[in-house]
Amino acid sequence: MEKLGRNEPCWCGSGKKYKKCHEEFDNKIEEFEVMGHEVPDHSIIKTPAQIEAIKESCKINIAVLDEVAAKIHAGMTTQEIDDIVYKKTTEMGGIPATLNYEGYPKSVCTSINEVVCHGIPSDDVVLKDGDIVNVDCSTILNGYFSDSSRMFCIGDVSEEKRKLVEVTKEAVELGLKEVKPWGFLGDMGEAVHEHAVKNGYSVVRQIGGHGVGLEFHEDPWVGYCSKRGEDMLLVPGMIFTIEPMINMGTDKIFQDENDGWTIYTADKKPSAQWEIMVLVTEDGAEVLSY
Ligand code: MF3
Ligand code: CO
């Protein structure tokens, strides 16, 4: 972490002298670093002004997912979901963050049944009665990023798949309860993992959540196979996603060789994912997008 003079203006943009602002905070972080913990640097600790701007982006992201929730139905194509997302996002002044992101061609990811994540919307893919589908939405507004996803059960979904969707949501909620300043990402990760395994499911190891806000994907990488007291220290002003992919069968996955994006379960059993975007506050956590 860079060292500031005690009388220099604080890095957080408050205009106050460093010694009257974040010096004590930085010293506390340094104590954790000395103890051997992974700690955040200033670049991923958001200032109050940045948090406000990120929240504006989140408002669009939530509204877009609400719009999808109102319109999703059996018989529609995933391209139609993409059209809804593009239209609503741009009408509200935003840009879909996935569009042209590292060559990704669409405004949203739509991942059905055994598709774990990064399913590409298409005119050829029709939602059927009994499908479970993740719609993963991300928005840029004035350069600030938001990202969250929800599961939708289409028509008459089997008890087995419905339970997978429910347990995955509960896992995210249990993880969220663990998010607090001066705790660790691993507190959240272990809670998510415990709940999945207790229900006989597995958790995808290779793909995780991420810091978000000033960039689409920032540090830290957020896994769900970690242990309490491990992974990065959490401090007020950090924003990251909790977005576990929970599988009914094996945790093994593979990528579609043809499109280079779509991730499937190796055993073709169903997978579910919910994603929320969380701010670490002075006394706990605030969900910014869901
Ligand atoms: N919203 C996804 C995430 O959680 C986006 C993945 S990048 C994409 O990070 F290009 F595949 F969309
Ligand atoms: Co994400």
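The values are calculated or read from the model by the stated rules, or taken from the named source; none is laboratory data. Because the structure is predicted, anything quoted here is derived from the model rather than measured. Cβ atoms come from the backbone with ideal geometry, glycine included; neighbour counts cover every protein chain shown. The protein model used for the area step is the full one, side chains on, heavy atoms only, and it has no ligands, DNA or RNA in it. Shrake-Rupley method; radii C 1.70, N 1.55, O 1.52, S 1.80 Å.
Any idea which residue in the range 209-229 is nearest to ligand 1 (Cβ to nearest atom), counting only those that are surrounded by 22 or more Cβ atoms within 10 Å (Cβ to Cβ) and farther than 17 Å from residue 57 by Cα?
209
Here is a list of conditions, (1) within 16 Å of ligand 1 (Cβ to nearest atom); (2) within 22 Å of residue 210 (Cα to Cα), and residue 112 meets all of them except one; can you say which number that is?
Residue 112 satisfies every listed condition except (2).
Would it be correct to say that residue 156 is out of contact with any strand residue (DSSP E or B) (no Cβ under 8 Å at 6 or more places or on another chain), in a loop (DSSP other than H, G, I, E, B) and away from ligand 1 (no atom under 16 Å from the Cβ)?
Judged against the criteria, residue 156 is a match.
Each row is one residue, and each column tells you yes or no for (1) away from ligand 2 (no atom under 16 Å from the Cβ); (2) in contact with a Pro (Cβ under 8 Å, 6 or more places away or on another chain).
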{"residue": "186", "(1), (2)": "yes, no"}
{"residue": "199", "(1), (2)": "yes, no"}
{"residue": "207", "(1), (2)": "no, no"}
{"residue": "214", "(1), (2)": "no, no"}
{"residue": "217", "(1), (2)": "no, no"}
{"residue": "231", "(1), (2)": "yes, yes"}
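When the residues of the range 159-195 are narrowed to those that are open to solvent by less than 10 Å² (accessible area, probe 1.4 Å) and outside any helix (DSSP H, G or I), which ends up farthest from residue 109 (Cα to Cα)?
It comes out as 183.
Kindly establish whether residue 139 is away from ligand 1 (no atom under 12 Å from the Cβ), in contact (Cβ under 8 Å) with a residue 12 or more places away in the chain, crowded, with 24+ Cβ neighbours inside 10 Å and over 18 Å from residue 246 (Cβ atoms).
No; evaluated as a whole, the condition is false for this residue.
Inspect all residues belonging to the range 83-91 and state whether any of them is part of a strand (DSSP E or B), among the hydrophobic types (A, V, I, L, M, F, W, C) and surrounded by 18 or more Cβ atoms within 10 Å (Cβ to Cβ).
The answer is no, given that none of the residues of the range 83-91 is part of a strand (DSSP E or B), among the hydrophobic types (A, V, I, L, M, F, W, C) and surrounded by 18 or more Cβ atoms within 10 Å (Cβ to Cβ).
If the requirement is being touching a helix residue (DSSP H, G or I) at 6+ places or on another chain (Cβ under 7 Å), of a type outside the set (S, T, N, Q) and buried (at least 18 other Cβ atoms within 10 Å of the Cβ), which of these qualifies: 120, 45, 72? Show your work before the answer.
On the way: 120 fails: touching a helix residue (DSSP H, G or I) at 6+ places or on another chain (Cβ under 7 Å); 45 fails: touching a helix residue (DSSP H, G or I) at 6+ places or on another chain (Cβ under 7 Å).
On inspection, the qualifying residue turns out to be 72.
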